[in-house]
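Structure, as C-alpha cells:
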Amino acid sequence: MKPTASMSGGAAVEVASHNGHHDTQVYGPSGRSEWLDIDWREHQRWVSVDGQRVNTIELGEGPPLVFVHCLAGSWSNWLEQLPVFARERRVVAMDLPGFGHSPMPREEISISGYARLLDGLLGELQIDAAAVVGNSLGGFVSTELAIAFPQRVERLVLVSAAGLSTYHNPETLRASALAHRFERLLAPYTAWGAANASMLTRRAGMRRLLLSSVTSHPDRLSPAIAAELVRGGGKPGFVGALRALATYSVRDRLPEIACPTLIVWGEHDRLVPARDADVYAELIPDSRRVVFADTAHLAMLERPDAFNSLLGEFLSE
C-alpha cells in the first residue's frame, strides 16, 4: 500500500504507514550500521569561521549535502546518514558552537547567529550551495539559512523542525528559565551521564528512561546509537540555544523560501507536534510533507532505512 497523499496549502502530504512505500515496520537500522566500522577521526577537522572553531566531519565526493543537528545533539545525530550518502556525495556535519566539541561562541547564541556561522562554514569549505538537512534546532537554523542566505541552499529538508510552536511557548520559556536557573547545579550530573553513556545505555530499561522524550521505542534502539544520543546532553550551549528558539520567530518569512523543501515528521513527536509540519507545508511554497507513523522526534535514527530512502528520492528529483 502506498503512503496516502493529499494536498495542504499547495503542498503534497504523505503519511507513511506500516505497509507504506517508506517502510516503517523496521525500527532502527536493519542489519549492522555502516558507521560502526568507520574511524571517524580520519574525517574530522577543525574549521575556523571568523575566529570560531567548529568541529566538522566531512567525507565523500560529489554534490554537497550538509546536516545540522538538534538541540542537545551533535554531528553524530546523522551517523545513519553520513556513510550512506557519502557513496555519491560530499557530506558535511558539524557541532554547532556550544555543542559537541565546538566551543561556545563569543556572542550570545541566536538562530540568526547560527545561520551566519553556517554560511561562513560553507564559505570556508568552498561550498557555494548545498542541500541542507536539519533536525529540530538544526531545522530552525537551516530554515533561517535558506531565508537569509538563499544562494547557499539548493534543497531544504526539515526534520521535526523547531521554530513555530516553540516560539513564545509557555512550556519552552519555562524550561529555558529553569535550565538557566539550575544550570550550574545540574552540570556535574549531565557531564557524568555523557561520560558514562555507554554503560548507561546497555540496558533497555535505562534507554527507555533516558530517551523516551525523543524516541517512540528507545528500548529498541541499539545501545551504540543510544549512547551517542546521551553524549550530546549537558553541553554549555543548551540553555542559550533553548532560549534562542523560544524567542525568535520565522513564521512570517517562510514564504520567502525559494528552494524545494521536504518536511519530515514523526506522528508521535512529543517535543515539536506534528501539526507544525502542516504550517510549514502551508507557508513554504514548493514543499512536501511526509509523516512517519509510530515515530517521534528523531525520524532519521528511528527509521533510518525509510528516511534514507525518502531523502535519496528527494535529492534525485
Those residues of segment 235-264 which are touching a Pro at 6+ places or on another chain (Cβ under 9 Å) and not aliphatic (A, V, I, L, M), in sequence order: Pro236, Gly237, Gly240, Pro255, Glu256, Cys259, Thr261
Enumeration of residues in segment 283-317 that are charged (D, E, K, R) and in contact (Cβ under 8 Å) with a residue 12 or more places away in the chain: Asp286, Arg288, Arg289, Asp294, Glu302, Arg303, Asp305, Glu317
Restricting segment 221-234 to residues that are closer than 18 Å to Glu34 by Cα and touching a residue at least 60 places away in the same chain (Cβ under 8 Å), the residue that is surrounded by the fewest Cβ atoms within 10 Å (Cβ to Cβ): Ala224
Considering residues of segment 237-262 that are touching an Asp or Glu at 6+ places or on another chain (Cβ under 7 Å), of a type outside the set (A, V, I, L, M) and surrounded by fewer than 24 Cβ atoms within 10 Å (Cβ to Cβ) only, the residue farthest from Val153 (Cα to Cα): Gly240
Selection count, segment 146-173, where residues are over 16 Å from the mean Cα position of the chain (by Cα) and part of a loop (DSSP other than H, G, I, E, B): 5
Residue list for segment 40-76, filter: within 22 Å of Val159 (Cα to Cα) and of a type in the set (Gly, Ala, Ser): Ala72, Gly73, Ser74, Ser76
Residues of segment 263-287 classified as among the hydrophobic types (A, V, I, L, M, F, W, C), closer than 21 Å to Val214 by Cα and surrounded by 20 or more Cβ atoms within 10 Å (Cβ to Cβ), total: 5
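If I ask for residues that are surrounded by fewer than 18 Cβ atoms within 10 Å (Cβ to Cβ) and either touching a Gly at 6+ places or on another chain (Cβ under 6 Å) or not hydrophobic (A, V, I, L, M, F, W, C) (or both), which ones from segment 194-216 would you list?
At the first step, the residues of segment 194-216 found to be surrounded by fewer than 18 Cβ atoms within 10 Å (Cβ to Cβ) are 194-196, 198-199, 202-206, 208-209, 212-213.
Hits for segment 194-216 are Ala194, Asn196, Ser198, Arg202, Arg203, Gly205, Arg208, Ser212, Ser213.
Identify all residues within segment 131-145 that are part of a strand (DSSP E or B) and under 15 Å from Ala299 (Cβ atoms); write none if there are none. I'd like the intermediate steps shown before the answer.
Our first condition is that a residue be part of a strand (DSSP E or B); within segment 131-145, this holds for 131-135.
Across segment 131-145, the qualifying residues are Val133, Gly134, Asn135.
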Segment 110-138: number of residues that are surrounded by fewer than 24 Cβ atoms within 10 Å (Cβ to Cβ) and under 20 Å from Ser249 (Cα atoms): 8
Residues located in segment 174-209, provided they are more than 18 Å from Arg231 (Cβ to Cβ), in a helix (DSSP H, G or I) and either modelled with pLDDT under 80 or under 20 Å from the mean Cα position of the chain (by Cα) (or both): Arg174, Ala175, Ser176, Ala177, Leu178, Ala179, His180, Arg181, Glu183, Arg184, Leu185
Qualifying residue in segment 55-66 (condition: crowded, with 19+ Cβ neighbours inside 10 Å and on the phi > 0 side of the Ramachandran plot): yes
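Would you check if Val141 is under 26 Å from Val290 (Cβ atoms), buried (at least 24 other Cβ atoms within 10 Å of the Cβ) and touching a Leu at 6+ places or on another chain (Cβ under 7 Å)?
On the way: under 26 Å from Val290 (Cβ atoms): yes; buried (at least 24 other Cβ atoms within 10 Å of the Cβ): yes; touching a Leu at 6+ places or on another chain (Cβ under 7 Å): yes.
Here the answer is yes, as Val141 does meet what is asked.
The values are calculated or read from the model by the stated rules, or taken from the named source; none is laboratory data. Just so it is clear, the model here is predicted, and its values are computed rather than measured. Backbone-built Cβ (ideal geometry, glycine too); neighbour counts: all protein chains shown.
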